[in-house]
């Protein structure tokens, strides 16, 4: 078996391309077999270990595999960008209105088009049944809720959502659409008016916005598959992703580093968030759904590893010996159009070792997109789980 590394030399400044020998040692693991045909599976990986040597500022030792070799669809991994931009938005609004915290303030989203309806209630919010930014972030992180992302998209707006990532130096970011939106929105770049109702204060209104500025992805591999389904019709040509959401694996990981480890410099401006808002986001990204008291998720429908693809392998490498003992996984996953994406910060509290892991694999044996026949359970998730075990054994012991 040959470990295909076409494109892995592309890399990025400050990222070594020496991850291949580590992966090669694990080619005999059945779940990692796609590494033998990495170009077909569009595999990319980026491992960044945290160096906290005494007397030195923490830094990352980074190693990539096929980093930037071709485009991949980030799916729900892009939701971290919306959560960050939403927190920045409410911090600016709060500062401009008497230094108030709007995270838990009820909000309503106005109708966006003819026939749309006002959004102001969320029955999953057991506190008061209202929509709040904090609650949407919890839903977005705990179970990758699409409605939560779409509501934050309305709050932040198309232009600001993309601009917020560019201000952080994450220039590959392209966010052009909502996710699994059941409404037929005439203009995807339009955002509804949002009104906050902070207790004891006057309402704070974010006006409706739209944009005439189109964004798109560039680079290799933007036409994917051999066919795709549109409605009831099968189009016999690759699907064009040039106008879909996009973000490089390096930028995905750098965003997570800026959130989880602001003491580490990965280039570009630092992410400025209040301690409370950063803690809110990190807590939601680290908890299991079963540990959430609001919202509440039945464990049978929302297992611990439902939104933590590395977790099964990490648990195999580190079976808990005492109740409550575990390796902490702070992450945001994505899965759509055959792509399985993980972006995680993994820590071993027992010895202080920590590593950032970002990876993607594409599984679509029949080449048809939108037919819901992707090998997520047979290949994608087992690959990520085995990568979790590899990472645990190589870097967390």
Residues in region 362-397 reached by a label modelled at residue 351 [backbone nitrogen below 20 Å; 7 Å Cα→Cβ]: 386-397
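222 nm [θ] for the chain, helices only, -39500 (n - 2.57) per DSSP H run of 4+, per residue, to 500? Kindly include the intermediate steps, with their values, before the conclusion.
Details: 9 runs with 101 residues, N = 397.
Only helices count here, giving -7500 deg cm²/dmol.
Roughly how large, in nm² to one decimal, is the mean projection of the convex hull of the alpha-carbon atoms in region 69-158? Write down the numbers at each step before the final one.
Numbers: hull surface 30.4 nm².
Over all viewing directions, region 69-158 projects a mean Cα-hull area of 7.6 nm².
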Of 363, 28, 330, the one that fluctuates the most in a GNM where the chain has Cα springs shorter than 10 Å: 28
Among beta bridges that DSSP assigns inside the chain, antiparallel share in %, nearest 5: 95
Label point 7 Å beyond Cα of residue 394 along Cβ direction - residues of region 69-100 with amide nitrogen under 18 Å: 69
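Between residue 240 and residue 275, what length comes free when the chain is fully extended (0.36 nm per residue of separation minus the Cα-Cα distance, one decimal in nm)? Spell out each step's value before the answer.
Details: separation 35, 0.36 × 35 = 12.60 nm, distance 4.07 nm.
Full-extension gain reported as 8.5 nm.
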Cβ-derived FRET efficiency at R0 51 Å, residue 51 paired with residue 190, nearest 0.05: 0.65
Rounded tilt (10° steps) of 133-143 against the dominant C-alpha axis of the chain: 30
Gained length - residue 301 relative to residue 166, 0.36 nm times residue gap less alpha-carbon distance: 44.9 nm
Computed FRET value (nearest 0.05) for residue 30 with residue 263, which takes r as the C-beta separation and R₀ as 41 Å: 0.60
Cα-based helix-to-principal-axis angle, 79-96 vs the chain, degrees rounded to 10: 40
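Suppose R0 equals 22 Å. What FRET efficiency, 1/(1 + (r/R0)^6) with r the Cβ-Cβ distance, do residue 113 and residue 201 give to the nearest 0.05?
Values: r = 30 Å, r/R0 = 1.34.
With a Förster radius of 22 Å, E is 0.15.
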Largest-first principal axis extents, alpha carbons of region 77-240, Å: 58, 36, 31
Three-way shape label, region 156-254, alpha-carbon gyration tensor, a/c 1.5: oblate
Inter-label distance, nm, simple model (7 Å from Cα along the C-beta direction), residue 210/residue 282: 4.2
Diffusion coefficient, µm² s⁻¹, Stokes-Einstein with Kirkwood Rh over alpha-carbon pairs of region 189-338 at 10 °C and 1.306 mPa s: 79
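Looking at the square roots a ≥ b ≥ c of the eigenvalues of the Cα gyration tensor of region 1-120, which shape do they give, rounded for a/c under 1.5, prolate if a/b is larger than b/c, or oblate? Please report the intermediate quantities before stating the final value.
Values: a/c = 3.53, a/b = 1.78, b/c = 1.99.
Oblate shape, in that a/c is at least 1.5 and b/c is the bigger or equal ratio.
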Relative compactness, region 274-394, computed as alpha-carbon Rg over 2.2 N^0.38 Å: 1.13
Region 15-42 versus region 356-397: alpha-carbon centroid distance in Å: 12
Degrees between helix 158-167 axis and first principal axis of the chain (Cα, 0 to 90, nearest 10): 50
Ranking of 273, 107 by count of other Cβ atoms within 10 Å, fewest first: 273, 107
Rg ratio (alpha-carbon, reference 2.2 N^0.38 Å) - the chain: 0.97
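When a/c reaches 1.5 or more, the comparison of a/b and b/c decides; with that in mind, is region 343-397 rounded, prolate or oblate per its Cα gyration tensor? Provide the component values of the computation, followed by the final result.
Numbers: a/c = 4.27, a/b = 3.13, b/c = 1.37.
Taking the square roots of the gyration eigenvalues as a ≥ b ≥ c, region 343-397 is prolate.
A short reminder: the numbers here are calculations on the coordinates, not readings from a lab. Note that the structure is a prediction, hence the values are computed from the model and not measured. Cβ atoms come from the backbone with ideal geometry, glycine included; neighbour counts cover every protein chain shown.
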